[in-house]
Amino acid sequence: MKKVIFHIDVNSAFLSWEAANRLKENPQGEDLRLLTAAVGGDQQKRHGIILAKSISAKKFGVRTGESILEARKKCPHLLLVPANYPLYREYSQAFQKILREYTPDVEPFSIDEAFMDMTGTQLLFGEPLQAAETIRRRMKKELGFTVNIGISSNKLLAKMASDFEKPDKIHTLFPEEIQEKMWHLPVDQLFFVGRATAGKLHQMGIETIGDLAKTEKSLLKKLLKKQGETIWNFANGIDFSVVQSQPVSNKGYGNSTTMSFDVTDADTAKTVLLALSETVGTRLREHQVLAEAISVEIKDTRLKSLSHQCTLDCPTDITNEIYQTAGRLFEEAWNGSPIRLLGVSAIRVTSSRNSRQLGLFDTQDYEKWEKLDDAIDKIRGKYGKDSIQRAAFLNKKNIDHMYGKRLKFQFTDGEKEDSDK
Ligand SMILES: [Mg+2]
(Lines give C-alpha, C1' and ligand atoms only; values in the text may rest on other atoms or scores of the structure.)
Protein backbone atom coordinates (compact mmCIF):
# COMPACT_ATOMS: atom_id res chain seq x y z
CA MET A 1 0.00 0.00 0.00
CA LYS A 2 1.22 3.50 -0.81
CA LYS A 3 2.29 5.36 2.30
CA VAL A 4 0.49 8.58 3.20
CA ILE A 5 2.34 10.82 5.64
CA PHE A 6 1.21 14.21 6.96
CA HIS A 7 3.37 16.86 8.63
CA ILE A 8 1.36 19.41 10.55
CA ASP A 9 2.97 22.64 11.63
CA VAL A 10 1.30 25.39 13.69
CA ASN A 11 1.79 28.81 12.09
CA SER A 12 3.76 31.19 14.41
CA ALA A 13 2.82 28.89 17.26
CA PHE A 14 3.61 30.89 20.40
CA LEU A 15 2.03 34.07 19.08
CA SER A 16 -0.97 32.22 17.63
CA TRP A 17 -1.62 30.39 20.87
CA GLU A 18 -1.39 33.57 22.94
CA ALA A 19 -3.73 35.31 20.46
CA ALA A 20 -6.20 32.42 20.42
CA ASN A 21 -6.26 32.32 24.20
CA ARG A 22 -6.86 36.06 24.53
CA LEU A 23 -9.71 35.89 22.02
CA LYS A 24 -11.23 33.01 23.92
CA GLU A 25 -11.26 35.10 27.09
CA ASN A 26 -12.37 38.27 25.33
CA PRO A 27 -13.96 37.63 21.92
CA GLN A 28 -14.28 41.39 21.39
CA GLY A 29 -10.56 41.98 21.92
CA GLU A 30 -7.87 42.54 19.35
CA ASP A 31 -6.16 39.71 17.52
CA LEU A 32 -2.44 39.83 18.35
CA ARG A 33 -1.63 38.21 15.01
CA LEU A 34 -2.94 41.28 13.21
CA LEU A 35 -0.88 43.71 15.30
CA THR A 36 2.83 44.49 15.24
CA ALA A 37 3.44 42.06 18.05
CA ALA A 38 5.94 39.50 19.27
CA VAL A 39 6.41 37.01 22.08
CA GLY A 40 9.56 37.71 24.07
CA GLY A 41 11.25 35.96 26.94
CA ASP A 42 11.90 37.54 30.30
CA GLN A 43 13.83 40.78 29.88
CA GLN A 44 15.32 40.53 33.37
CA LYS A 45 16.82 37.15 32.80
CA ARG A 46 18.95 36.00 29.96
CA HIS A 47 16.06 34.60 28.02
CA GLY A 48 15.30 38.07 26.72
CA ILE A 49 14.92 37.11 23.10
CA ILE A 50 12.15 37.19 20.52
CA LEU A 51 10.46 33.79 20.41
CA ALA A 52 7.78 34.45 17.77
CA LYS A 53 6.50 37.42 15.84
CA SER A 54 3.52 38.55 13.78
CA ILE A 55 3.67 39.12 10.03
CA SER A 56 3.54 42.86 10.60
CA ALA A 57 6.45 42.69 13.08
CA LYS A 58 8.39 40.71 10.52
CA LYS A 59 7.93 43.51 8.02
CA PHE A 60 9.82 45.78 10.45
CA GLY A 61 12.71 43.31 10.39
CA VAL A 62 12.00 41.69 13.77
CA ARG A 63 13.58 38.25 13.81
CA THR A 64 13.03 35.17 15.91
CA GLY A 65 16.03 34.61 18.19
CA GLU A 66 17.30 38.17 18.32
CA SER A 67 17.36 40.11 21.58
CA ILE A 68 14.38 42.18 22.62
CA LEU A 69 16.70 45.19 22.65
CA GLU A 70 17.59 44.72 19.00
CA ALA A 71 13.97 44.22 18.03
CA ARG A 72 12.92 47.39 19.84
CA LYS A 73 15.56 49.37 17.96
CA LYS A 74 14.02 48.37 14.65
CA CYS A 75 10.47 48.66 15.83
CA PRO A 76 9.96 50.94 18.88
CA HIS A 77 6.18 50.42 18.98
CA LEU A 78 6.50 46.62 19.00
CA LEU A 79 3.88 45.11 21.29
CA LEU A 80 5.63 42.50 23.43
CA VAL A 81 3.84 39.74 25.25
CA PRO A 82 5.66 37.48 27.71
CA ALA A 83 6.20 33.80 27.00
CA ASN A 84 3.70 31.49 28.65
CA TYR A 85 4.96 27.92 28.57
CA PRO A 86 2.11 26.32 30.54
CA LEU A 87 -0.27 27.76 27.95
CA TYR A 88 1.83 26.41 25.08
CA ARG A 89 1.83 22.96 26.60
CA GLU A 90 -1.94 23.11 26.94
CA TYR A 91 -2.40 24.12 23.31
CA SER A 92 0.18 21.62 22.12
CA GLN A 93 -1.73 18.84 23.84
CA ALA A 94 -5.07 19.95 22.39
CA PHE A 95 -3.41 20.08 18.96
CA GLN A 96 -2.10 16.53 19.29
CA LYS A 97 -5.37 15.26 20.70
CA ILE A 98 -7.19 16.26 17.52
CA LEU A 99 -4.52 14.58 15.40
CA ARG A 100 -4.90 11.35 17.36
CA GLU A 101 -8.56 11.18 16.37
CA TYR A 102 -7.37 10.40 12.83
CA THR A 103 -4.62 7.89 13.51
CA PRO A 104 -2.81 6.42 16.51
CA ASP A 105 0.43 6.93 14.58
CA VAL A 106 1.17 10.49 15.62
CA GLU A 107 4.76 11.50 16.23
CA PRO A 108 5.20 14.83 18.01
CA PHE A 109 8.22 16.43 16.37
CA SER A 110 8.36 19.58 18.47
CA ILE A 111 5.90 21.49 20.61
CA ASP A 112 4.05 22.71 17.51
CA GLU A 113 4.77 20.07 14.88
CA ALA A 114 3.80 16.46 14.36
CA PHE A 115 3.97 13.70 11.79
CA MET A 116 0.99 11.42 11.13
CA ASP A 117 0.94 8.13 9.29
CA MET A 118 -2.39 8.32 7.46
CA THR A 119 -1.83 5.21 5.34
CA GLY A 120 -5.02 3.22 4.88
CA THR A 121 -7.38 5.78 6.41
CA GLN A 122 -9.03 6.74 3.09
CA LEU A 123 -12.21 4.80 3.77
CA LEU A 124 -12.62 6.57 7.09
CA PHE A 125 -11.58 10.11 6.29
CA GLY A 126 -11.44 10.36 2.52
CA GLU A 127 -8.53 11.03 0.20
CA PRO A 128 -5.43 12.63 1.80
CA LEU A 129 -6.29 16.16 0.66
CA GLN A 130 -9.79 15.82 2.03
CA ALA A 131 -8.61 14.47 5.40
CA ALA A 132 -6.03 17.28 5.64
CA GLU A 133 -8.73 19.83 4.87
CA THR A 134 -10.88 18.47 7.72
CA ILE A 135 -7.97 18.69 10.17
CA ARG A 136 -7.03 22.20 9.01
CA ARG A 137 -10.60 23.45 9.51
CA ARG A 138 -11.04 21.80 12.89
CA MET A 139 -7.86 23.39 14.28
CA LYS A 140 -9.10 26.79 13.21
CA LYS A 141 -12.67 26.35 14.37
CA GLU A 142 -12.16 24.43 17.59
CA LEU A 143 -8.79 25.73 18.79
CA GLY A 144 -8.56 29.10 17.05
CA PHE A 145 -5.19 28.82 15.28
CA THR A 146 -4.02 27.94 11.80
CA VAL A 147 -1.73 25.16 10.65
CA ASN A 148 0.14 24.21 7.52
CA ILE A 149 -0.14 20.61 6.39
CA GLY A 150 2.34 18.86 4.13
CA ILE A 151 1.32 15.60 2.46
CA SER A 152 3.61 13.02 0.92
CA SER A 153 4.69 9.40 1.03
CA ASN A 154 7.50 9.98 3.53
CA LYS A 155 8.32 12.21 6.48
CA LEU A 156 11.02 14.26 4.82
CA LEU A 157 8.86 15.28 1.86
CA ALA A 158 5.84 15.94 4.07
CA LYS A 159 7.97 18.21 6.25
CA MET A 160 9.34 20.07 3.24
CA ALA A 161 5.79 20.50 1.91
CA SER A 162 4.40 22.01 5.10
CA ASP A 163 7.07 24.70 4.84
CA PHE A 164 5.81 25.94 1.47
CA GLU A 165 3.57 29.01 1.37
CA LYS A 166 2.09 29.95 4.79
CA PRO A 167 -0.20 30.37 6.71
CA ASP A 168 -3.28 28.12 6.75
CA LYS A 169 -2.29 26.10 3.68
CA ILE A 170 -2.13 22.48 2.56
CA HIS A 171 0.55 21.33 0.13
CA THR A 172 1.46 18.01 -1.41
CA LEU A 173 4.98 16.99 -2.33
CA PHE A 174 4.87 13.48 -3.76
CA PRO A 175 8.04 12.00 -5.26
CA GLU A 176 6.87 12.83 -8.77
CA GLU A 177 6.52 16.49 -7.76
CA ILE A 178 10.05 16.90 -6.37
CA GLN A 179 11.64 18.37 -9.48
CA GLU A 180 8.92 20.92 -9.97
CA LYS A 181 8.30 21.93 -6.35
CA MET A 182 11.55 21.33 -4.45
CA TRP A 183 14.57 21.43 -6.71
CA HIS A 184 14.48 25.17 -7.36
CA LEU A 185 14.69 25.98 -3.63
CA PRO A 186 17.98 27.22 -2.10
CA VAL A 187 19.92 24.31 -0.66
CA ASP A 188 19.83 25.66 2.91
CA GLN A 189 16.07 25.13 2.92
CA LEU A 190 16.57 21.40 2.78
CA PHE A 191 15.90 19.76 6.12
CA PHE A 192 19.17 18.87 7.87
CA VAL A 193 21.29 21.41 5.98
CA GLY A 194 22.51 23.93 8.52
CA ARG A 195 24.41 27.10 7.84
CA ALA A 196 27.84 25.48 8.07
CA THR A 197 26.91 22.71 5.65
CA ALA A 198 25.28 25.18 3.27
CA GLY A 199 28.56 27.13 3.26
CA LYS A 200 30.52 24.05 2.25
CA LEU A 201 27.99 23.22 -0.45
CA HIS A 202 28.14 26.76 -1.84
CA GLN A 203 31.90 26.37 -2.16
CA MET A 204 31.24 23.36 -4.35
CA GLY A 205 28.92 25.46 -6.50
CA ILE A 206 25.79 23.81 -5.13
CA GLU A 207 23.13 26.50 -4.77
CA THR A 208 19.80 24.73 -5.05
CA ILE A 209 18.36 21.48 -3.76
CA GLY A 210 18.30 20.33 -7.39
CA ASP A 211 22.05 21.00 -7.72
CA LEU A 212 22.59 18.84 -4.65
CA ALA A 213 20.37 16.06 -5.98
CA LYS A 214 22.37 15.91 -9.20
CA THR A 215 25.79 15.94 -7.49
CA GLU A 216 27.77 12.71 -7.37
CA LYS A 217 26.88 11.04 -4.08
CA SER A 218 30.43 9.79 -3.49
CA LEU A 219 31.73 13.36 -3.72
CA LEU A 220 29.35 14.47 -0.97
CA LYS A 221 30.26 11.50 1.16
CA LYS A 222 33.89 12.42 0.87
CA LEU A 223 33.22 16.01 1.90
CA LEU A 224 30.51 15.56 4.53
CA LYS A 225 30.77 11.89 5.52
CA LYS A 226 27.50 10.29 6.56
CA GLN A 227 25.63 13.59 6.44
CA GLY A 228 26.59 13.93 2.77
CA GLU A 229 24.79 10.72 2.01
CA THR A 230 21.76 11.70 4.07
CA ILE A 231 21.27 15.08 2.42
CA TRP A 232 21.81 13.61 -1.05
CA ASN A 233 19.02 11.15 -0.26
CA PHE A 234 16.83 13.96 1.05
CA ALA A 235 17.44 16.10 -2.05
CA ASN A 236 16.24 13.15 -4.08
CA GLY A 237 13.22 12.68 -1.83
CA ILE A 238 14.51 9.48 -0.25
CA ASP A 239 13.75 8.96 3.45
CA PHE A 240 13.14 5.58 5.01
CA SER A 241 12.36 6.65 8.56
CA VAL A 242 8.98 5.73 9.91
CA VAL A 243 6.46 7.70 11.93
CA GLN A 244 7.17 6.82 15.55
CA SER A 245 4.10 7.29 17.62
CA GLN A 246 5.10 8.11 21.15
CA PRO A 247 3.28 8.21 24.43
CA VAL A 248 1.60 11.54 25.06
CA SER A 249 3.89 12.16 27.99
CA ASN A 250 7.02 12.08 25.84
CA LYS A 251 8.91 15.32 26.20
CA GLY A 252 11.28 15.07 23.29
CA TYR A 253 14.94 14.26 23.33
CA GLY A 254 16.62 17.61 23.43
CA ASN A 255 17.93 19.66 26.28
CA SER A 256 19.40 23.07 26.45
CA THR A 257 20.37 25.31 29.29
CA THR A 258 20.96 29.00 29.63
CA MET A 259 23.89 29.43 31.96
CA SER A 260 23.80 31.78 34.90
CA PHE A 261 27.41 32.66 34.03
CA ASP A 262 29.29 33.15 30.77
CA VAL A 263 31.22 30.11 29.69
CA THR A 264 34.52 31.10 28.16
CA ASP A 265 36.54 27.88 28.20
CA ALA A 266 36.07 24.62 26.38
CA ASP A 267 36.48 22.51 29.53
CA THR A 268 33.53 24.08 31.31
CA ALA A 269 31.48 23.96 28.13
CA LYS A 270 32.18 20.27 27.78
CA THR A 271 31.20 19.60 31.37
CA VAL A 272 27.87 21.27 30.63
CA LEU A 273 27.56 19.16 27.46
CA LEU A 274 28.17 16.05 29.57
CA ALA A 275 25.35 17.05 31.93
CA LEU A 276 23.03 17.62 28.98
CA SER A 277 24.07 14.34 27.36
CA GLU A 278 23.26 12.51 30.61
CA THR A 279 19.68 13.70 30.49
CA VAL A 280 19.25 13.05 26.78
CA GLY A 281 20.70 9.53 27.11
CA THR A 282 18.58 8.73 30.14
CA ARG A 283 15.43 9.80 28.34
CA LEU A 284 16.26 7.81 25.21
CA ARG A 285 16.84 4.68 27.27
CA GLU A 286 13.67 5.28 29.23
CA HIS A 287 11.63 5.29 26.01
CA GLN A 288 13.71 2.52 24.41
CA VAL A 289 14.64 4.55 21.36
CA LEU A 290 17.99 5.36 19.78
CA ALA A 291 19.39 8.59 18.40
CA GLU A 292 20.33 8.48 14.74
CA ALA A 293 21.79 11.96 14.75
CA ILE A 294 23.08 14.37 17.38
CA SER A 295 22.95 18.12 17.33
CA VAL A 296 24.71 20.70 19.47
CA GLU A 297 23.46 24.24 19.87
CA ILE A 298 25.64 27.13 20.99
CA LYS A 299 24.36 30.61 21.65
CA ASP A 300 26.90 33.32 22.43
CA THR A 301 26.50 36.47 24.48
CA ARG A 302 25.43 38.43 21.42
CA LEU A 303 22.70 35.81 21.13
CA LYS A 304 24.12 34.60 17.89
CA SER A 305 23.07 31.03 17.67
CA LEU A 306 24.55 28.18 15.76
CA SER A 307 23.86 24.52 15.69
CA HIS A 308 25.99 21.75 14.36
CA GLN A 309 24.87 18.21 13.78
CA CYS A 310 25.98 14.87 12.50
CA THR A 311 24.51 11.52 11.71
CA LEU A 312 25.93 8.66 13.74
CA ASP A 313 27.39 5.59 12.08
CA CYS A 314 25.18 3.53 14.33
CA PRO A 315 22.14 4.75 16.32
CA THR A 316 22.83 4.96 20.05
CA ASP A 317 21.42 5.63 23.50
CA ILE A 318 24.79 5.51 25.26
CA THR A 319 25.52 8.60 27.35
CA ASN A 320 29.28 8.45 26.72
CA GLU A 321 28.81 8.18 22.98
CA ILE A 322 26.31 11.04 22.89
CA TYR A 323 28.72 13.11 24.96
CA GLN A 324 31.75 12.33 22.80
CA THR A 325 29.82 13.21 19.66
CA ALA A 326 28.52 16.40 21.27
CA GLY A 327 32.06 17.33 22.36
CA ARG A 328 33.43 16.81 18.86
CA LEU A 329 30.60 18.85 17.31
CA PHE A 330 31.26 21.59 19.85
CA GLU A 331 34.95 21.74 19.01
CA GLU A 332 34.19 21.95 15.32
CA ALA A 333 31.63 24.70 15.75
CA TRP A 334 32.74 26.97 18.61
CA ASN A 335 34.46 30.18 17.56
CA GLY A 336 35.66 31.03 21.06
CA SER A 337 33.13 33.73 21.93
CA PRO A 338 31.57 33.62 25.42
CA ILE A 339 28.63 31.23 25.62
CA ARG A 340 25.25 31.75 27.23
CA LEU A 341 23.35 28.73 26.10
CA LEU A 342 24.30 25.18 25.24
CA GLY A 343 22.03 22.45 23.94
CA VAL A 344 22.32 18.78 23.04
CA SER A 345 19.61 16.99 21.08
CA ALA A 346 18.89 13.66 19.53
CA ILE A 347 17.37 15.04 16.36
CA ARG A 348 16.23 11.80 14.82
CA VAL A 349 15.23 8.75 16.78
CA THR A 350 14.52 5.22 15.77
CA SER A 351 13.23 2.21 17.62
CA SER A 352 14.98 -0.33 15.42
CA ARG A 353 17.94 -1.87 17.14
CA ASN A 354 20.27 -3.18 14.47
CA SER A 355 23.44 -4.83 15.57
CA ARG A 356 26.35 -2.46 15.54
CA GLN A 357 28.76 -2.77 12.67
CA LEU A 358 32.13 -2.02 14.11
CA GLY A 359 34.35 0.20 12.02
CA LEU A 360 37.87 -0.95 11.31
CA PHE A 361 39.38 1.63 13.65
CA ASP A 362 36.58 1.59 16.18
CA THR A 363 38.04 -0.03 19.27
CA GLN A 364 35.48 1.28 21.73
CA ASP A 365 33.90 -1.22 24.07
CA TYR A 366 30.27 -0.22 23.58
CA GLU A 367 28.96 -3.14 25.56
CA LYS A 368 30.82 -1.94 28.61
CA TRP A 369 29.34 1.52 28.22
CA GLU A 370 25.85 0.05 27.88
CA LYS A 371 26.31 -1.90 31.08
CA LEU A 372 27.52 1.23 32.84
CA ASP A 373 24.45 3.21 31.72
CA ASP A 374 22.22 0.38 32.76
CA ALA A 375 23.72 0.27 36.24
CA ILE A 376 23.53 4.04 36.66
CA ASP A 377 19.89 4.11 35.50
CA LYS A 378 19.00 1.45 38.01
CA ILE A 379 20.69 3.26 40.90
CA ARG A 380 19.02 6.55 39.96
CA GLY A 381 15.69 4.83 39.52
CA LYS A 382 15.93 3.50 43.03
CA TYR A 383 17.65 6.27 44.98
CA GLY A 384 17.02 9.41 42.94
CA LYS A 385 18.94 11.18 40.21
CA ASP A 386 21.47 12.76 42.56
CA SER A 387 22.42 9.47 44.18
CA ILE A 388 25.23 8.96 41.69
CA GLN A 389 27.17 11.43 39.61
CA ARG A 390 30.28 11.56 37.50
CA ALA A 391 33.49 12.70 39.14
CA ALA A 392 33.78 15.40 36.47
CA PHE A 393 31.13 17.36 38.38
CA LEU A 394 32.75 17.14 41.79
CA ASN A 395 34.38 20.55 41.79
CA LYS A 396 31.87 22.22 39.48
CA LYS A 397 29.37 23.60 41.96
CA ASN A 398 27.76 25.89 39.42
CA ILE A 399 26.89 23.06 37.03
CA ASP A 400 24.02 20.68 37.65
CA HIS A 401 25.17 17.17 36.76
CA MET A 402 21.88 16.42 35.05
CA TYR A 403 20.54 19.49 33.31
CA GLY A 404 17.10 18.77 32.13
CA LYS A 405 14.41 21.00 33.43
CA ARG A 406 14.25 23.08 30.31
CA LEU A 407 13.45 21.29 27.13
CA LYS A 408 14.84 22.55 23.93
CA PHE A 409 11.50 23.12 22.34
CA GLN A 410 10.43 25.30 25.20
CA PHE A 411 13.00 27.85 24.26
CA THR A 412 11.70 28.96 20.90
CA ASP A 413 8.98 27.53 18.76
CA GLY A 414 11.60 26.49 16.28
CA GLU A 415 10.38 28.74 13.55
CA LYS A 416 12.95 29.28 10.86
CA GLU A 417 13.67 32.86 9.98
CA ASP A 418 12.27 32.69 6.49
CA SER A 419 9.49 30.30 7.27
CA ASP A 420 6.43 32.49 7.36
CA LYS A 421 6.64 33.81 3.87
MG1 LIG B 1 5.50 26.21 13.53
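The values are calculated or read from the model by the stated rules, or taken from the named source; none is laboratory data. All figures in this text were calculated on a predicted structure; none of them were measured in a lab. Backbone-built Cβ (ideal geometry, glycine too); neighbour counts: all protein chains shown. To get the accessible areas, we keep the full protein, side chains included, count just its heavy atoms, and leave off ligands, DNA and RNA. Shrake-Rupley method; radii C 1.70, N 1.55, O 1.52, S 1.80 Å.
Details
- The residues of the chain expose, per residue, 48 Å² of accessible area to a 1.4 Å probe.
- Across segment 183-235, the convex hull enclosing all Cα atoms gives 60 Å³ per residue.
- Loop-located trypsin sites (Lys or Arg not before Pro) in segment 219-326, at most 16 other Cβ atoms within 10 Å (DSSP): Arg302, Lys304
- Extension gain (nm, one decimal) between Asp386 and Lys59, 0.36 nm per residue minus Cα-Cα: 112.9 nm
- In the chain, the portion of solvent-accessible area held by carbon and sulfur atoms comes to 53 percent [1.4 Å probe, whole percent, DNA, RNA and ligands not counted].
- At 0.890 mPa s and 25 °C, Stokes diffusion of segment 168-274 via Kirkwood alpha-carbon radius, µm² per second: 147
- Cross-link table Lys74/Lys270; Lys159/Lys270; Lys74/Lys169; Lys299/Lys371; Lys24/Lys304; Lys140/Lys166, entries beyond 25 Å C-alpha to C-alpha: Lys74/Lys270; Lys159/Lys270; Lys74/Lys169; Lys299/Lys371; Lys24/Lys304
- Contact order, relative form, for the chain: 16 percent (alpha carbon pairs under 8 Å, 6 or more residues apart, mean separation divided by residue count).
- Listed residues Asn395, Asn21, Asn236, most fluctuating in the chain (Gaussian network, C-alpha, under 10 Å): Asn395
- Compactness relative to 2.2 N^0.38 Å, alpha carbon Rg of segment 1-182: 1.10
- The magnitude of the dipole of the chain, with charges of +1 and -1 set on the Cβ of Lys/Arg and Asp/Glu and taken from the Cα centre, is near 760 debye.
- Treating r as the C-beta distance of Arg356 and Ile379 and R0 as 30 Å, the FRET efficiency rounds to 0.75.
- For segment 1-182, size of Cβ-based charge dipole, Lys and Arg +1, Asp and Glu -1, in debye: 560
- Cα convex hull volume per residue for segment 228-354 (Å³): 122
- Note on surface exposure: His7, His171 rank His171, His7 by accessible area, highest first, 1.4 Å probe.
- Residue among Val243, His7, Gln324 farthest towards the positive dipole end of the chain, charges placed on Cβ: Gln324
- Most mobile of Thr319, Thr363, Thr121 in a GNM of the chain (Cα contacts under 10 Å): Thr363
- Taking every DSSP helix (H) stretch of at least 4 residues in the chain, weighting each as -39,500 (n - 2.57) and dividing the sum by the residue count yields a mean residue ellipticity at 222 nm of -11500 deg cm²/dmol.
- Fraction of the pair-distance distribution of the chain above 41 Å, Cα-Cα pairs, percent: 14
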